């Protein structure tokens, strides 16, 4: 979840909403990569989820990172709820999941170094306090009542509202984890093509990274239960955004969409003001019931953009949101997958050639199929395994064309970060399939084995 935005002045004209999005355009030389990943913490002795406070807790981990590894604290209402250092931040998801939002950096080599450094620091602290972390798309055993709600005003508001819309909002908040990558665009036209490719091919990422086949102690019938949870969250703010594929789509149309996403809150003076279900359009007119007579700032608009949860979204950059959390190799593979497709024009054009003939029903069917069957999904004549092979090949070609060396020039490009995905293509098995094999094999149905293994 995003932290409060700041630095935006008053909105005096509706065009500023579109201009805010367009201000993210930058030349290719300035394109960067920002990787975010979440993980579940648990008590090593009991395998129970860690609470916010106590000797084995989220707070103990945050304090350890602050004191031993030089992270600066972020507090809300006197509670430590995050950390910042060198352009990156560590934050808390609603159920205590620990998230790294990485700095904006140039290559996947740097991304993987950042991920590895973070995981080393977390392990150093966690080992000392008796806490473990696991990378999965959904909590495999824990129930809703076992999961704590973190002390953040945004989450308290969302938690109550989630019970009124959809059926799985509270599950998403407490019991799911993802890995995502944030990428740049050069122009409105570049944004349009990238967002269309991102949304159309997001089911491929969901299939390749499927890693949540268990829920509340047993197989759930899905390779990505996390993706299933998001499909039942809140139709007003999730989904595959069919309007993105319509003629004339651009920043203005996306701003119109975001205006129609019901509000969660307004952040003022360190506090979250309840604006649940209210209209940002009313806010623009000074008619927001929660704050009558007041009008929004650009910081409010930036905050509001973080409350739309489609499969891919734009702010001043673009976020790919369709993958399950996972083991460290896949934390590097996800940004590599999308950078290869998005940051090379030939790969991007070829990716759009694959998807441009699909209609909205096909794209949605692929989304559902990826959630249920992973690489084994089939929609009409489209076999997910074959589609993923083709798309992964394009990504690899894009990374080769980027030719960004690592290890002091000893590694010629970034393609080796795709190896985990290439293995899935070769075997036909994603992490979810491998976990199910263990569950029905050497684990003998004992899901407590998932933590150590």
Q: In nm, give the distance between the simple-model label positions of residue 188 and residue 259, each being 7 Å from the Cα along the Cα-to-Cβ direction.
A: 1.5 nm
Q.
I'd like the FRET efficiency for residue 427 and residue 352, computed as 1/(1 + (r/R0)^6) with the beta carbon distance as r and R0 of 35 Å, rounded to 0.05.
A. 0.75
**Q.** Between region 187-213 and region 348-371, the alpha-carbon center distance in angstrom
**A.** 9 Å
Q: Calculate the spin-label point distance for residue 359 paired with residue 84, positioning each point 7 Å from the Cα along the beta-carbon direction, and give it in nanometres.
A: 4.9 nm
Q. Along its principal axes, what span do the Cα atoms of region 15-452 show, with the longest given first and each in whole Å?
A. 62, 54, 45
Q. Over the chain, what relative contact order in percent results from Cα pairs under 8 Å that are six or more residues apart?
A. 20 percent
(Q) Could you order the peptides 355-362, 259-266, 393-400, 81-88 from most to least packed, using the average number of other C-beta atoms within 10 Å per residue? (A) 393-400, 259-266, 81-88, 355-362
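Tell me what the chain gives for mean residue ellipticity at 222 nm when only DSSP H runs of n ≥ 4 count, each as -39,500 (n - 2.57), the sum divided by the residue total, rounded to 500 deg cm²/dmol.
Calculated mean residue ellipticity at 222 nm is -13000 deg cm²/dmol.
Find the Rg to Rh ratio for region 367-443, where Rh is the Kirkwood radius over alpha-carbon pairs and Rg uses the same atoms. Write out the running numbers ahead of the final one.
Working: Rg = 15.6 Å, Rh = 14.3 Å.
Ratio of gyration radius to Kirkwood radius: 1.10.
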Q: Work out, step by step, the length gained on full extension between residue 400 and residue 12: first 0.36 nm times the residue separation, then minus their alpha carbon distance; give nm to one decimal.
A: 135.1 nm
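Contour minus end-to-end for residue 75 and residue 268, with contour as 0.36 nm per residue of separation and end-to-end as the Cα-Cα distance?
On the way: separation 193, 0.36 × 193 = 69.48 nm, distance 1.49 nm.
Here the answer is 68.0 nm.
Using a Förster radius of 35 Å, what is the FRET efficiency between residue 451 and residue 385 based on their Cβ-Cβ separation? Nearest 0.05, please.
Values: r = 30 Å, r/R0 = 0.85.
Computed FRET efficiency for residue 451 and residue 385 comes out at 0.70.
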**Q.** Share of alpha-carbon pairs per 10 Å distance bin for region 218-356, given as whole %
**A.** 10, 31, 32, 20, 7, 0
Q | At R0 = 30 Å, FRET efficiency that the Cβ-Cβ distance of residue 46 and residue 236 yields, to 0.05 | A | 0.20
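For region 15-452, give the share of DSSP beta bridges that are antiparallel, in percent and rounded to the nearest 5; count only bridges with both residues there. Working shown, then result.
Numbers: 46 of 49 bridges.
In region 15-452, approximately 95 percent of DSSP beta bridges are antiparallel ones.
Report the equivalent ellipsoid semi-axes for region 127-279 in whole Å, largest first, defined as the square roots of five times the eigenvalues of the gyration tensor built from alpha carbon atoms. Before the final figure, lay out each step's value.
Working: eigenvalues 168, 104, 49 Å².
Output for region 127-279: semi-axes of 29, 23, 16 Å.
Determine the gain in length on full extension of the stretch residue 117-residue 145; use 0.36 nm per residue of separation and subtract their C-alpha separation, reporting nm with one decimal.
Details: separation 28, 0.36 × 28 = 10.08 nm, distance 3.31 nm.
Going from the current span to full extension adds 6.8 nm.
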(Q) Taking 8 Å as the Cα distance limit and 6 or more residues as the minimum spacing, I'd like the relative contact order of region 151-283 as a percentage. (A) 27 percent
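A short reminder: the numbers here are calculations on the coordinates, not readings from a lab. Remember, it's a predicted structure, so these values are computed and weren't measured experimentally. Glycine gets a Cβ as well: all are built from the backbone with ideal geometry, and neighbour counts include every protein chain shown.
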